[in-house]
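Since the structure comes first, as structure tokens, the remarks are kept for the end.
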Amino acid sequence: MRVGVPKEIKKDEYRVGLTPAAVREYVAQGHQVVVETGLGLGIGADDAAYRAAGAEIAATPQDIFASADMIVKVKEPQAAEWAQLRRGQILFTYLHLASDRAQTEGLLASGVTAIAYETVIDPKGGLPLLHPMSEVAGRLSIQAAARCQEKVMGGSGLLLGGVAGVAQARVVVIGGGVVGTEAARMAVGLGADVTIIDRSLRRLRELDELFTGRVRTLYSTVEALEQAVIAADVVIGAVLIPGATAPKLVTRAMIAAMKPGSVLVDVAIDQGGCFETSHATTHSDPVFVIDEVIHYCVANMPGAVPRTSAHALNNATLPYGLALAARGLGALSSVPGLREGLNVHEGQLYSRPVADSLGIAYAGDAALAAVGR
């Protein structure tokens, strides 16, 4: 198969669909790989590194989209990219369609087969291609919150961990999954007073054991959430419903009752955000203020640390990408959990959560099961 990797064009995105090491794996298995010139500059890999790995270098993204059988990216395609996709071509990347009608309609019109990293599942029901970026985003959320709490950023001027004789900041993490766990880990490490809120008692028990009493766990009710948010100095939104739009758990009224200079970090923003006041921001312009509360809602947080995140992502996606390159859509049948990643195929929508979120017709379970057989 001919595999193409264009540069990311989403603002402030420096990750790459394939690192030179990943390219070498594709080439070793007999595939052709073509990458756009300058692809790896954000991770410290120049064109020479990609040539040494066996890749061809294309001068323009148009050359890649026109010639590749499979496009491997990181972020969802932008309008200029989905216009170049075509029937018979595979797109393998993050999509986050549930909160993006324009992209969904663009992919449906193109006829492309689009497989989303974030909805591939493993045998235990986990999300193996979302996991590494959730780890990165969870850790970055506390770095961002600590910075936003500084007075020069408009924050209240609290050091998250405090010092001897001075109370630490209160950090509330909504969601006890990978993002929430990593956020709590970082916040605890800095010495903050940390509370994790979740609706799964099983998960709350696991977190109690993991943190051995260093965090407070709360079962999520409207009252518990409201009280915790209003008392918090920092709230991390780490809510995930796989493939679907994130629920708006924190209302405008709750936010209005928070202390001036408090900080919200919405890691769920790729799926629409879990704060009622959220809208997506960029690394270049990451924050906005509503009701004297700072909102950090960057939609591609791991893009800030591409040397770490690109390699972590490639470690996870490589086996699935190689299977698609070797077997085409037949990999949907032979690789457990990959079929769940199929979101769009030949003009039809194959993700029920996306269909429910956007009100677009779902192709049906039988049609999903038939693709690639």
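The values are calculated or read from the model by the stated rules, or taken from the named source; none is laboratory data. Because the structure is a prediction, the values reported are computed rather than measured. FYI the Cβ positions are ideal-geometry reconstructions off the backbone, even for glycines, and counts take in every protein chain you see.
See the values below:
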item	result
Residue within the range 237-258 that is within 21 Å of the chain's Cα centre (by Cα) and closer than 17 Å to CYS148 by Cα present	yes
Selected residue [touching a Phe, Trp or Tyr at 6+ places or on another chain (Cβ under 8 Å) and surrounded by fewer than 19 Cβ atoms within 10 Å (Cβ to Cβ)] from ALA367, ALA355	ALA367
Some residue of the range 311-333 being out of contact with any helix residue (DSSP H, G or I) (no Cβ under 9 Å at 6 or more places or on another chain) and without any contact (Cβ under 8 Å) to a residue 24 or more places away in the chain	yes
Those residues of the range 188-199 which are among the β-branched types (Val, Ile, Thr) and buried (at least 24 other Cβ atoms within 10 Å of the Cβ), in sequence order	VAL194, ILE196, ILE197
Evaluation of ILE196 against (1) within 28 Å of HIS311 (Cβ to Cβ); (2) in a strand (DSSP E or B) (one fails), failing number	(1)
Criterion violated by ARG185 - all others in (1) modelled with pLDDT of 95 or more; (2) out of contact with any Asp or Glu (no Cβ under 6 Å at 6 or more places or on another chain); (3) part of a helix (DSSP H, G or I); (4) buried (at least 22 other Cβ atoms within 10 Å of the Cβ) satisfied	(4)
Sole residue being in the same structural domain as ASP233 (by TED's automatic domain parsing), out of contact with any Pro (no Cβ under 6 Å at 6 or more places or on another chain) and more than 26 Å from THR308 (Cα to Cα), chosen from GLY165, GLY161, GLY191	GLY165
Number of the condition not met by THR281 [criteria: (1) touching a residue at least 40 places away in the same chain (Cβ under 8 Å); (2) under 18 Å from the mean Cα position of the chain (by Cα)]	(1)
Filter pass, GLU209 being under 26 Å from ARG352 (Cβ atoms), assigned by TED's automatic domain parsing to the domain that holds VAL152 and among the acidic types (Asp, Glu)	no
Sole residue being within 24 Å of the chain's Cα centre (by Cα), in contact (Cβ under 8 Å) with a residue 12 or more places away in the chain and not assigned by TED's automatic domain parsing to the domain that holds GLY243, chosen from VAL136, VAL74	VAL74
Residue that is surrounded by the most Cβ atoms within 10 Å (Cβ to Cβ) [pool: residues in the range 84-100 that are among the hydrophobic types (A, V, I, L, M, F, W, C) and outside any loop (DSSP other than H, G, I, E, B)]	LEU97
Identity of the residue in the range 1-57, of a type in the set (A, V, I, L, M, F, W, C) and in a loop (DSSP other than H, G, I, E, B), that ends up surrounded by the most Cβ atoms within 10 Å (Cβ to Cβ)	VAL16
Subset of the range 266-318 [surrounded by fewer than 20 Cβ atoms within 10 Å (Cβ to Cβ), over 26 Å from LEU91 (Cβ atoms) and among the small types (Gly, Ala, Ser)]	SER284
Filter result (part of a helix (DSSP H, G or I) and either in contact (Cβ under 8 Å) with a residue 12 or more places away in the chain or not assigned by TED's automatic domain parsing to the domain that holds ALA145 (or both)) within the range 240-272	ARG252, MET254, ILE255, ALA256, VAL267, ALA268, ILE269, ASP270, GLN271
Test: residue in the range 218-239 that is free of Cβ contacts under 8 Å to residues at least 24 places away in the same chain and in a strand (DSSP E or B)	yes
Some residue of the range 137-149 being in contact with a Leu (Cβ under 9 Å, 6 or more places away or on another chain) and not in a helix (DSSP H, G or I)	yes
